[in-house]
There are 4 protein chains.
Amino acid sequence: MTTTEADVPAPSGATVQDTSGDGHEHATYGYHQQKDEHLKRLRRIEGQIRGLQRMVDEDVYCIDILTQVSASTKALQSFALQLLEEHLRHCVADAAVKGGAEIDAKVEEATKAIGRLLRT
Amino acid sequence: MTTTEADVPAPSGATVQDTSGDGHEHATYGYHQQKDEHLKRLRRIEGQIRGLQRMVDEDVYCIDILTQVSASTKALQSFALQLLEEHLRHCVADAAVKGGAEIDAKVEEATKAIGRLLRT
Amino acid sequence: MTTTEADVPAPSGATVQDTSGDGHEHATYGYHQQKDEHLKRLRRIEGQIRGLQRMVDEDVYCIDILTQVSASTKALQSFALQLLEEHLRHCVADAAVKGGAEIDAKVEEATKAIGRLLRT
Amino acid sequence: MTTTEADVPAPSGATVQDTSGDGHEHATYGYHQQKDEHLKRLRRIEGQIRGLQRMVDEDVYCIDILTQVSASTKALQSFALQLLEEHLRHCVADAAVKGGAEIDAKVEEATKAIGRLLRT
C-alpha cells in the first residue's frame, strides 16, 4: 500500500526496510497492510462501547445491555483473529523460512497469545 | 443517584415508583445503583479500545496488540458478570418473590444471555 | 433441606422428601428432574472424548481433531447452561422466596460459577 | 509427504517415512511425537466426564458440578492448545518452507480452527 512496500519485493512482507531516511530500521508487521481496515473495525468497537455507556446511562434493561456486550466481545475477538491470521502468515511463516530456533520461539509466543484469548 | 431513589427506601431496588409526576411508572433495573461504577468501567474500556487504535497506528508488534485485546475482552466480561449478578439479585429474585410464570421467563432469558456471553 | 420444606409440596421442586426409608433427608437440587437427560448428554460427551482418543491414535489430521475438541467443549458448555438454568429456577428462586440473606449468597455463588465457565 | 523430506532427517518431524512395508506413505502430523502424552491427557478428561456422571447420579450440588465442568473444559482447551502449537510448528511451518500457495491455505485453516475454539 505504501511506496516503500511496493519498492521492496519482500515476498512475505513481514519486515520492510525503512527508506524514510531517519536512520532507523522500522519493523512493520503482518497487519501493516490491513491497517485501515483494522482502524475502522476498532473505531466501530469504540462506538459500541460508547453505546453501552449510553444504555447504562438511560437505564436500558440489563439483558439488552448484556446482548450488546456479547456483540462487542465478538467484534474484539474477530479483530484478534484477523490480526492473528496475518501474524501467522507473515511473522511466523517468515521465521520458518529463515530457519533456526526462531520458529520455535514464534510458535510458542503465538500459542500463548491464543491461550490468553481463549481464557477470556 | 437520583432523588427518587433516595426517597424510596426500596431494599431490593428492583423497581422504584416514579415520583416525577409525569404519570409514568419507570422501571429501573438492578444495575441502577452501581451506575457510576459501570460508567467508569466502560470509560476505561473505551480508553483501552482507543489504546488499541494507537497501537495499530504505531505498528506495535501483533502479539502485544493481542495481549491488549485479551485485556479488553476480560474487562468487558467482568462488566457483564457484574451486570448479570445485579440482574439476578434484583430482577430474577423479584420475579421469584412475585411468583407466577414470570420467574420461568426471567430465568430462561438470563440463561440465554449467559449462553451468548459464553459463545463469544 | 429443612423439614418444613419437605412437608410443603414445594412448587419449585427444589427439594424432595426422602422416601427411601433410610431415615436421611436427601437434599436434591434443581437438576434432579432432568437427571436422565443429563446422564445421556454426559455419556454422549464421554463418547466424544473416546472418539478423540481414537483420532489421536489413528493419526488423524490435527485440524480435524481440533474441530472435534470444539464440538466436545460446546457440548460441555451446553450441559453447564442447562444445569445453570435449573439451578437459577430452583435453588436461587427458592432462596429469593425464603427471603433473608441467603439470596445474596446464592446469587454471588452462581455468578462466580458463571465467571469460571466464561474464563475457560 | 515427499520422499525428499523422508530422506532428510527433518528436524521438524512433520512427516515420517512409512516403514511398515505396506507400500503406503503415511503422513503423520505434528502431534505424532506427543501421542502418548495426548492419549494420557484425553484419558484423564474421559475420567473427569465419568466423574460428572457420578456427580449427577449422586445428586451433588449443582454449583460443584459446574466447577467440575469448568475444569473439564479447561483441560480440553489445554489439549487443543498443545495440538495447535504442534500443528503450527510442523504443518504450518512446513508449508512456509515449501513456499507456494499452501501456506495461505494452511494459515486460513488454522485460523478458522482457532475461531471455532474461541466461539465455544
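What to note about this one:
- Gain upon complete extension [B:ALA71, B:ARG119; 0.36 nm per residue less C-alpha separation]: 15.5 nm
- Average other protein chain Cβ within 10 Å of Cβ, residues B:50-63: 6
- With a 10 Å cut-off around each Cβ of B:34-45, the average count of Cβ atoms from other chains is 4.
- Using a 7 Å Cα-to-Cβ projection, A:SER78 label spacings across copies, nm, ascending: 2.4, 2.6, 3.3
- Across the identical copies, the label point of C:GLY100 (7 Å from Cα in the Cβ direction) is separated from its matches by 2.8, 6.9, 7.3 nm, in order from shortest.
- Each copy carries a label point for D:ASP59 at 7 Å from Cα along the beta-carbon vector; from one copy to the others these points are 4.4, 5.2, 6.7 nm apart, nearest first.
- Pairs from the list A:LYS40/A:LYS98; A:LYS35/C:LYS112; A:LYS74/A:LYS106; C:LYS112/D:LYS35; B:LYS74/D:LYS112; A:LYS35/B:LYS74 with a Cα-Cα gap above 29 Å: A:LYS40/A:LYS98; A:LYS35/C:LYS112; C:LYS112/D:LYS35.
- With a 10 Å cut-off around each Cβ of B:97-105, the average count of Cβ atoms from other chains is 2.
Every number in this text was worked out from the coordinates using simple rules, so none of it is lab data. Keep in mind it's a predicted model, so treat the numbers as computed, not measured. Glycine gets a Cβ as well: all are built from the backbone with ideal geometry, and neighbour counts include every protein chain shown.
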